[in-house]
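Undergrad: I am attaching a structure below and will ask some questions about it afterwards.
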Amino acid sequence: MSWRDFWNGEHAIYVSPRHKTLHYRQIASDLIAHIPFPEATVLDHGCGEALDAARVAAACGRLYLCEAAPNVREKLRGQFGRLDSVAVVSPEEVAALPEAALDIVVANSLIQYLSRDELKELLATWRAKLRPGGALVLADVIPPDVSPLTDAAQLLAFGWRGGFLLAALAGLARTAFSDYRKLRAQYGLSTYTPEAIADLIREAGFSDVQQPLNFGHNPHRMTFKASKPV
């Protein structure tokens, strides 16, 4: 099983329906805060189920939802396919977009599942598809010193605030025997120091690398924002 297979199948990464709803609601709000103007063309790369994508679409001119897992793409088309401003696409379809077609690219909680070479290829693709002055946002980047115990503590804190603490406790117990834990043990997750990821972004031809607040509930992970030079 690969990471793509994992996300394409049934999994219990969200401990309850409320957890999933609150997660995607917060990600949508965080993403909207970075949309540069109301008519912007936005790519959410690695969007997952994107339950609150209609709200993101209402805040921009056009929204591309990119997901590698075919089953998830079908769910997205079923939920958002009737919205004229939303297009559900595969990574291959992103690569086929016209040059300089996008105003902002957001990749949240994605690059930990990519090798360094895969990330470098995507950075080159994103730069080509962005207009001069367009923005790149890499969110939920994992530093090397953040342990699974820290992630678990942050999930419990999110569960306490969101009213699903018991479900979070049960979910952590299930995770101990889940495919996610097996895959994490087999493949690991890609981690980056702030300096390393900033260097990769600059090497790909982006400038003005900044570190705003992280997307989502875990402040121990990082978000980076950069721009394509004009």
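The values are calculated or read from the model by the stated rules, or taken from the named source; none is laboratory data. Since the model is a prediction, treat every value here as computed from it, not as a measurement. Positions of Cβ are backbone-derived with ideal geometry, glycine not excepted, and every protein chain shown enters the neighbour counts. Each accessible area value is taken on the protein alone, full model and side chains, heavy atoms only, with ligands, DNA and RNA left out. Shrake-Rupley method; radii C 1.70, N 1.55, O 1.52, S 1.80 Å.
Undergrad: Accessible area per residue, 1.4 Å probe, Å², for the chain: what's the number? Provide the component values of the computation, followed by the final result.
TA: On the way: 11120 Å² over 230 residues.
For the chain, the per-residue accessible area is 48 Å².
Undergrad: Number of Lys-Lys pairs in the chain under 19 Å by Cα, sequence gap 8 or more or different chains?
TA: Working: K20/K75; K120/K129; K120/K225; K120/K228; K129/K225; K129/K228.
Eligible lysine pairs with Cα atoms under 19 Å apart amount to 6.
Undergrad: Please tell me the relative contact order of the chain in percent, rounded to the nearest whole number, where contacts are Cα pairs under 8 Å and at least six residues apart.
TA: Working: 387 pairs, mean separation 52.7, N = 230.
In percent, rounded to a whole number, it is 23.
Undergrad: Here's something else I'd like to know. What does the charge add up to near G81, with Lys and Arg as +1, Asp and Glu as -1, over the other residues with Cβ less than 12 Å from its Cβ?
TA: On the way: positive: R73, K75, R77, R82; negative: E74, D84.
Taking every Cβ under 12 Å from that of G81, the sum is +2.
Undergrad: Note down the nm distance, to one decimal, between modelled labels 7 Å out along Cα→Cβ at T191 and at A33.
TA: Modelled inter-label distance: 2.5 nm.
Undergrad: What is the extension gain from S147 to V230, computed as 0.36 nm multiplied by their sequence separation minus the C-alpha to C-alpha distance, in nm to one decimal?
TA: Values: separation 83, 0.36 × 83 = 29.88 nm, distance 3.88 nm.
Full extension of this stretch gives 26.0 nm more.
Undergrad: Still on this structure: Give the separation of the Cα centroids, segment 70-88 to segment 122-176, in Å.
TA: When both Cα centres are located, 23 Å separates them.
Undergrad: Please give the net charge around C66, taking every other residue with its beta carbon less than 12 angstrom from that of C66, where Lys and Arg add +1 and Asp and Glu add -1.
TA: Working: positive: R73, K129; negative: D44, E67, E92, E93.
Summing Lys/Arg as +1 and Asp/Glu as -1 gives -2.
Undergrad: Given an 8 Å cut-off on Cα distances and at least 6 residues of separation, report the relative contact order of segment 1-126 as a percent. Please list the in-between numbers first.
TA: Values: 156 pairs, mean separation 33.9, N = 126.
The value is 27 percent.
Undergrad: Okay, next question. Can you send over the carbon and sulfur percentage of the accessible area for the chain, probe radius 1.4 Å, protein chains only? Intermediate values should be presented prior to the final figure.
TA: Details: 6110 of 11120 Å².
C and S fraction of accessible area: 55 percent.
Undergrad: Still on this structure, I have one more. With axes computed from alpha carbons, what is the tilt in degrees of helix 17-32 against the longest principal axis of the chain, rounded to the nearest 10 within 0 to 90?
TA: 30 degrees
Undergrad: Provide the net charge surrounding G205, with neighbours chosen by a C-beta distance below 13 Å and charges set as Lys +1, Arg +1, Asp -1, Glu -1. Could the numbers behind the result be given before it?
TA: Numbers: positive: K120, R127, K129, R202, K228; negative: D199, E203, D208.
So the surrounding residues net to +2.
Undergrad: Something else about it: What angle, in degrees between 0 and 90 and rounded to the nearest 10, separates the Cα long axis of helix 165-175 from the longest principal axis of the Cα atoms of the chain?
TA: 90 degrees
Undergrad: Relative to the first principal axis of the alpha-carbon coordinates of the chain, what is the inclination of helix 70-80, with its axis defined by its Cα atoms, in degrees from 0 to 90 and to the nearest 10?
TA: 70 degrees
Undergrad: Another question about this same structure. Restricting to the chain, compute how many DSSP beta bridges are antiparallel as a %, nearest 5. Mind dumping the intermediate values first?
TA: On the way: 7 of 25 bridges.
For the chain, the DSSP antiparallel bridge percentage is about 30.
Undergrad: Further, regarding this structure: Quickly estimate the mean residue ellipticity at 222 nm for the chain, helices only: each DSSP H run with n ≥ 4 gives -39500 (n - 2.57), and the total goes over all residues, rounded to 500. Before the final figure, lay out each step's value.
TA: Working: 10 runs with 103 residues, N = 230.
Taking each H run of at least 4 residues, the total per residue is -13500 deg cm²/dmol.
Undergrad: For a quick check of your reading of the filter: which GluC sites (Glu not before Pro) in segment 94-182 sit in a DSSP loop and have no more than 14 other Cβ atoms within 10 Å? Display every interim value, and only then the final one.
TA: Numbers: sites: E99, E118, E121; in loops: E99.
Qualifying residues, ordered by number: E99.
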